[in-house]
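Structure record follows, encoded as structure tokens.
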Amino acid sequence: MIVEDTIHVSVREGYDVIIGKDLLVNTGKYLSAMFQERKAFVITDSNVKDHYLNTVLESLKDSGIDARFFVFPAGEGNKNLSTYESILNMLSENHCTRSDYILALGGGVCGDMAGFAAGTYMRGIPFVQIPTTVLAMVDSSVGGKCAVDLCQGKNLVGVFHQPSLVLCDTNTLSTLPQKYFKDGMAEVVKTGILCGGELFDLCCNFDIENLPKIISMCVEYKAGVVERDETEQGERKLLNLGHTAAHAIERCSQYTVPHGHAVAIGTSIIARASDRLGFSSTPISDDILSVLSSFGLPTSTEYSPEELLLASRMDKKSQGNEISVIIPEKIGHCVIRSIDFDVLSTIYEAGIS
Ligand SMILES: NC(=O)c1ccc[n+]([C@@H]2O[C@H](COP(=O)([O-])OP(=O)(O)OC[C@H]3O[C@@H](n4cnc5c(N)ncnc54)[C@H](O)[C@@H]3O)[C@@H](O)[C@H]2O)c1
Ligand SMILES: [Zn+2]
């Protein structure tokens, strides 16, 4: 086992995010040190099950941990109330009590759903994240946001529930299909734009050998933001860079455009608009578009500014005639602006292509 980095997230009940190789086979050791004599409920999806469930179950067994598991069909379409209810039924049928814990083994869909079940079952039981996608490692497994989707929109029912531990085994990324790898890199580039410096440079000159280091830098940045603003009253909104247009694109496409792809397009739109409307102090859009394209991510959309604006009016983050938008002023410096929809319309017009 090689531990690349351990990052402590100092929220009320702080937790470690451990990044390294061959962590899965040591899951039992980590958990037996943390939770004595408790049952573990592993939740995973149908794809991740085939690759990693046995390794985790064996490791738990070797450490004397009594474990049950639940597998749901992979895909965003199953991050819903029906799967959530099935998880709750499985927990109660297996006499899960408040002293037991959940293990989320998979991507962001699994982490969000298992976390939501953990945050609400018996008013909250502990849970551990074992993210297996780039997106889940750099974004969804840290910070405690857990939610499921309704037909009316994504992530509409949720809680803030922080994990007790996050184990990022970067070996698991070797089986991740390329399209999901790209999705995660959109959030990595977003983080690179927010914090600038070495992280943005590592994105521009990407080398797969540096991936564990990149993941660790993203987690460190997000951990700092979450520590200062756990429930997104201010600074945490910065993490929504590119997401206003991204959410509109996802909605227009009826969620057929994957989140990371939508974030890449949304980030491109705001970067172009920032240059063209004079928000940026030096031109930034060429660099941003070039790094996104280098990962094979899209930088433009077929939807018109009018269609995006209409979709943004339904965004759960809009308030009355206003919406928060993150403006990149330069690489490493973005600001949160509350703007009205007329200004958003100007941004979409300026940045669309
Ligand atoms: N809670 C948060 O703060 C937060 C932040 C960002 C995104 N999200 C949520 O995350 C979700 C997207 O996460 P995602 O992109 O990880 O999607 P995902 O969980 O659907 O995983 C993508 C696909 O890869 C498969 N997979 C996962 N790991 C694998 C591996 N190692 N090898 C082979 N296949 C693997 C999955 O089965 C799935 O088919 C969305 O629901 C989004 O709303 C949450
Ligand atoms: Zn995102």
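So here's what we get for this one:
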{"quantity": "Accessible surface of the range 178-351, 1.4 Å probe, proportion on carbon and sulfur as whole %", "calculated": "47 percent"}
{"quantity": "Calculated FRET value between Q152 and R98, using beta carbons and R₀ = 22 Å, to 0.05", "calculated": "0.10"}
{"quantity": "Accessible surface of the range 2-175 [probe 1.4 Å, protein heavy atoms]: carbon and sulfur percent", "calculated": "48 percent"}
{"quantity": "The range 178-351: Rg to Rh, with Rh as the Kirkwood radius over Cα pairs", "calculated": "0.94"}
{"quantity": "Computed over the chain: relative contact order in percent, which uses C-alpha pairs under 8 Å that are six or more apart", "calculated": "15 percent"}
{"quantity": "Computed over the range 228-319, Kirkwood Rh from alpha-carbon pairs, angstrom", "calculated": "13.9 Å"}
{"quantity": "Inter-label distance for D340 and H8, nm, one decimal - labels placed 7 Å from Cα along Cα-to-Cβ", "calculated": "4.8 nm"}
{"quantity": "Among 145-151, 49-55, the order from most to least packed when residues are scored by Cβ within 10 Å on average", "calculated": "145-151, 49-55"}
{"quantity": "The range 167-255: radius of gyration over Cα atoms, expressed as a fraction of 2.2 N^0.38 Å", "calculated": "1.17"}
{"quantity": "Potential extension, Q36-V159 segment - 0.36 nm per residue separation minus Cα distance", "calculated": "41.6 nm"}
{"quantity": "GluC sites (Glu not before Pro) within the range 1-48, DSSP loop, no more than 16 other Cβ atoms inside 10 Å", "calculated": "E13, E37"}
{"quantity": "Estimated FRET transfer efficiency (M1, K316; beta-carbon r; R0 41 Å; 0.05)", "calculated": "0.50"}
{"quantity": "Summed residue charge, Cβ within 12 Å of G332's Cβ, Lys/Arg positive, Asp/Glu negative", "calculated": "-3"}
{"quantity": "D (Stokes-Einstein, µm²/s), Kirkwood Cα radius, the range 2-175, 1.306 mPa s at 10 °C", "calculated": "101 µm²/s"}
{"quantity": "Helix-only CD estimate at 222 nm, as mean residue ellipticity for the chain, using -39500 (n - 2.57) per DSSP H run (n ≥ 4)", "calculated": "-13000 deg cm²/dmol"}
{"quantity": "Whole-number accessible area per residue in Å² for the range 2-175, which is evaluated in the context of all protein chains at 1.4 Å", "calculated": "41 Å²"}
{"quantity": "Relative packing of 209-220, 186-197, which averages over residues the other C-beta atoms within 10 Å, highest first", "calculated": "186-197, 209-220"}
{"quantity": "Inter-label distance for S300 and Q254, nm, one decimal - labels placed 7 Å from Cα along Cα-to-Cβ", "calculated": "2.6 nm"}
{"quantity": "Spatial separation of Cα centroids for the range 118-166 and the range 14-78, in angstrom", "calculated": "15 Å"}
{"quantity": "Whole-Å semi-axes of the range 265-313's equivalent ellipsoid (Cα gyration tensor)", "calculated": "20, 16, 6"}
{"quantity": "Solvent-accessible heavy-atom area per residue, rounded to whole Å², over the range 178-351 at 1.4 Å", "calculated": "41 Å²"}
{"quantity": "Contact order normalised by residue count of the range 178-351, Cα under 8 Å, 6+ apart, percent", "calculated": "28 percent"}
{"quantity": "Extension reserve of the M90-T175 stretch, reckoned as 0.36 nm per residue once the Cα distance is removed", "calculated": "27.8 nm"}
{"quantity": "Rg over Rh, two decimals, the chain (C-alpha only, Kirkwood Rh)", "calculated": "0.97"}
{"quantity": "Proximal lysines to K49, defined as alpha-carbon separation beneath 30 angstrom and excluding residues fewer than eight positions away on the same chain", "calculated": "K21, K29, K39, K61, K79, K145, K154, K179, K182, K190, K213, K222"}
{"quantity": "Rg in Å to one decimal, and Dmax rounded to a whole Å, for the range 13-91 via C-alpha atoms", "calculated": "13.8, 36"}
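The values are calculated or read from the model by the stated rules, or taken from the named source; none is laboratory data. This structure is a prediction, so every number in the text was calculated from the model and none was measured. Every residue, glycine as well, gets a Cβ built from its backbone with ideal geometry; the counts of neighbours run over all protein chains shown. Calculation scope for accessible area: heavy atoms of the full protein, side chains included, ligands and nucleic acids excluded. Shrake-Rupley method; radii C 1.70, N 1.55, O 1.52, S 1.80 Å.
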